[in-house]
1. Go through the stretch 186-208 and give me each residue that's surrounded by 22 or more Cβ atoms within 10 Å (Cβ to Cβ) and either touching a Phe, Trp or Tyr at 6+ places or on another chain (Cβ under 7 Å) or in a helix (DSSP H, G or I) (or both).
2. Of the residues in the stretch 143-157, how many are part of a helix (DSSP H, G or I), surrounded by fewer than 23 Cβ atoms within 10 Å (Cβ to Cβ) and in contact (Cβ under 8 Å) with a residue 60 or more places away in the chain?
3. What number of residues within the stretch 16-53 satisfy the criterion of being more than 24 Å from the chain's Cα centre (by Cα) and closer than 19 Å to Gly326 by Cβ?
4. Could you check the stretch 209-263 and list, in sequence order, the residues that are free of Cβ contacts under 8 Å to residues at least 12 places away in the same chain and not in a helix (DSSP H, G or I)?
5. Considering Phe115, Phe163, which residue is in a helix (DSSP H, G or I) and of a type outside the set (D, E, K, R)?
6. Which numbered condition trips up Phe33, out of (1) buried (at least 20 other Cβ atoms within 10 Å of the Cβ); (2) outside any loop (DSSP other than H, G, I, E, B)?
7. When you scan the stretch 294-305, do you find a residue that is buried (at least 20 other Cβ atoms within 10 Å of the Cβ) and within 19 Å of Ile183 (Cβ to Cβ), even just one?
Amino acid sequence: MFVFQNKLWKDFKKCLVIQGENSFLFDTRKKYFRKGNPFETIEKFVEEEKGIKFGYISYNLSRFAESLKIQGEDDIGIPDCVLVSLDQKKYENISIPKGSYKISIPNINTGKEQFISGVIEAKRHIYNGDIYQVNLSRRIEIECQINAYSLFSNYIRAQPIRFPAFLEFPDLGFSIGSGSMEIFLEKKDSRIRECPIKGTRKIQEKDPEVIKKISDELLNDEKEIAENLMIVDMVRNDLGKVCKIGTVRPRRLFDVEKYETLIHLVSEVEGELEKNKKISDILIATFPAASITGAPKKSAMEIIEKIEKKRRGPYCGAISMFDESGDFIMLVSIRIFLYLHRGKLYYWTGCGIVWDSDPYKEWEETLTKTKAFINALQNQVLPEEKTESHTL
């Protein structure tokens, strides 16, 4: 089962599975093996297969874009990338239903000391001049037996977004639900854009005046503005590697976007692609997203490996949808859950660290970003009348 926005596909035609340099293409009768750069393999699959191509690209593949040695433990054990080809005519229009269960969960404060220690270590690297900013994350693990689509339904109702996505792979034994609101890359014809998110405040009231006050505080927070601007500069640099000279520029800076439990600062950078730049060129230039790594990107990613210790897997990669025309949209894989069908649920949350970051406030930010998911687990979602389909 595959869901993107308000469309549902029940089956796929072909499936590409990538693990490092090794890839396997499955159709109804045969299995094909290929060895090589995974981004080139993705490009080949997207160009040769008809219909829509949909799936995820994990953060683990970043080593093929930034020449990194991945040191973290891969204790989850799912593929680095899975893409399926879908018949663009054989889908159902859906609205997101409400899940029908409620489960108890452990104390989500687990890992507080480790996260705060990681923030302090990151600040030490910033003080030493190794980096200017880094995005650190933590992982929540829950032993449970659930219906993953039911959880996804609750999640999207708890935090309605523009691009809900769900991927279920029974043969591979896992499901991914995405509540990401961040556009990593969107290509339309020769134009390409990124919309990085940096800057967060929680909201607990619906009063417009209260929300405006919180928004104004966010817009006047020098730390948040500086962090957002730093990521915008990184995005300009990344897109500049594949776009025509002089075409890369910000279209929006510091827009406030409101969601059910929080508000974000969002900027947008756009450029015009050089001729003959293909998917592999674009991914090698930009992957993973600047907003979930840091500055400078390669140094920040090396420090992430050192501090987090375990591989991020699908988290901070890209949920990706390619159409037959060559256009695509990729979402940064934040606010995602991974459910292993053997009974293990994972959820990640993170935040950007700069020199004046307060470790305890950064911890609180991770709790804010977890709230909608916890509400979904506990079936504390929006009332029926607020359910809606989110389309472009």
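The values are calculated or read from the model by the stated rules, or taken from the named source; none is laboratory data. Since this is a predicted model, take the numbers as computed values, not measurements. So basically every Cβ, Gly included, is an ideal-geometry build from the backbone, and we count neighbours across all protein chains shown.
1. The one that is surrounded by 22 or more Cβ atoms within 10 Å (Cβ to Cβ) and either touching a Phe, Trp or Tyr at 6+ places or on another chain (Cβ under 7 Å) or in a helix (DSSP H, G or I) (or both): Glu194.
2. Adding up the residues that qualify gives 2.
3. The number of residues fulfilling the criteria is 3.
4. Selection gives Asn220, Ile245, Gly246.
5. Phe115
6. Looking at each condition in turn, Phe33 falls short on (1).
7. Yes, there is a match, as at least one residue in the stretch 294-305 is buried (at least 20 other Cβ atoms within 10 Å of the Cβ) and within 19 Å of Ile183 (Cβ to Cβ).
Rundown of residues vs (1) modelled with pLDDT under 90; (2) more than 14 Å from the chain's Cα centre (by Cα), yes/no style:
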site	(1), (2)
Ser137	no, no
Leu185	no, no
Lys202	yes, yes
Asp207	yes, yes
Ile214	no, yes
Glu217	no, yes
